[in-house]
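Novice: Sharing a structure here in structure tokens format.
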Amino acid sequence: GTTDLSPWGSANQSKTWTTAGSYSVRAKARCVTDTGVTSSWSTSLPVTITQATVSYTVTTSPTGRQITVDGSTLTAPQTFTWAVGSTHTLSVPSPQAGATGTQYVFASWSDSGAQSHSVTVPSSATTMTATLTTQYSLTTAASPTAGGTVSPSGTSWQNSGQVVSVTATANAGYSFSSWS
């Protein structure tokens, strides 16, 4: 392998490795008063440096919705073991179909990131949550069609809990009867 010699110096030397791998460490001493006198190399000491990893969970609220992590679409929640300092792309498909008449639209990420954004993995376990707004389908129509109009007309998506004002207007010769 490659030899990386530390400079002669004090009684203690240190070395920092920034790349994961297996290393072999040996030491040699030099006399302080007669620098031409050196010891033999010590026995090798094996050192293995590994990349630090951390648990990173990506989830949704409400739970069980679709997420896209590094280009793969998955059902939340998902937990990954990622290298500290690595970069990954998180996204949420929007809208997402739910049960009949229900859909989910992206609202926010817990880190305030955009719908699709990159994250750098921190040194501690993290949970990233995508919040989605639940929407319901509202379909309105006059019956018979010639009897009048309804506003809003047709099919629209409305946020859960949202108050929607619906108005019926009868045409000449017709009168409003009831909602169904």
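Novice: What list of ³J(HN,Hα) values in whole Hz, one per residue of the range 38-49 in order, does the Karplus curve 6.51 cos²θ - 1.76 cosθ + 1.60 (θ = phi - 60°) give from phi, with Gly and Pro shown as x?
Specialist: 10, 7, 6, 5, 6, 5, 5, 10, x, 10, 10, 10
Novice: Right, something else. Which sequence of 33, 134, 139 reflects their accessible areas, 1.4 Å probe, from the largest down?
Specialist: Ranked from most to least accessible, the order is 33, 139, 134.
Novice: Return the distance in nm (one decimal) between the two label points of a simple spin-label model at residue 38 and residue 63, each offset 7 Å from Cα along Cα→Cβ.
Specialist: Label at residue 38, label at residue 63, 6.3 nm between them.
Novice: Looking only at 60, 133, 18, which one moves most when the chain is put into a Gaussian network model with springs between Cα atoms under 10 Å?
Specialist: Among 60, 133, 18, the largest mean-square fluctuation in the Gaussian network model of the chain belongs to 18.
Novice: Next question, about the same structure. Order 108-121, 19-32 from most to least packed using the mean count of other Cβ atoms within 10 Å.
Specialist: Numbers: 108-121: 14.0, 19-32: 11.1.
My ranking of the peptides, most packed first, is 108-121, 19-32.
Novice: Arranged from highest to lowest average of other beta-carbon atoms within 10 Å per residue, in what order do the peptides 52-59, 83-90 appear? Present the calculation step by step, with values, prior to reporting the outcome.
Specialist: Numbers: 52-59: 16.2, 83-90: 14.4.
My ranking of the peptides, most packed first, is 52-59, 83-90.
Novice: Give, as a single signed number, the net charge of other residues whose beta carbon lies under 14 Å from the beta carbon of residue 6, with Lys and Arg counted +1 and Asp and Glu -1. Intermediate values should be presented prior to the final figure.
Specialist: Details: positive: 15, 26, 28, 30; negative: 4.
Counting the neighbours of residue 6, the net charge comes to +3.
Novice: May I pose another question? Give me the percent of DSSP beta bridges within the chain that run antiparallel, rounded to the nearest 5.
Specialist: 90
Novice: Additional query: Of the listed peptides 34-45, 64-75, what is their order by residue-averaged count of other C-beta atoms within 10 Å, with the highest listed first?
Specialist: Numbers: 34-45: 9.3, 64-75: 14.1.
Top of the packing list down: 64-75, 34-45.
The values are calculated or read from the model by the stated rules, or taken from the named source; none is laboratory data. As the structure is a prediction and not an experimental result, all values here were calculated from the model. Positions of Cβ are backbone-derived with ideal geometry, glycine not excepted, and every protein chain shown enters the neighbour counts. Just the protein is used for accessible areas: all its heavy atoms, side chains included, with ligands, DNA and RNA removed. Shrake-Rupley method; radii C 1.70, N 1.55, O 1.52, S 1.80 Å.
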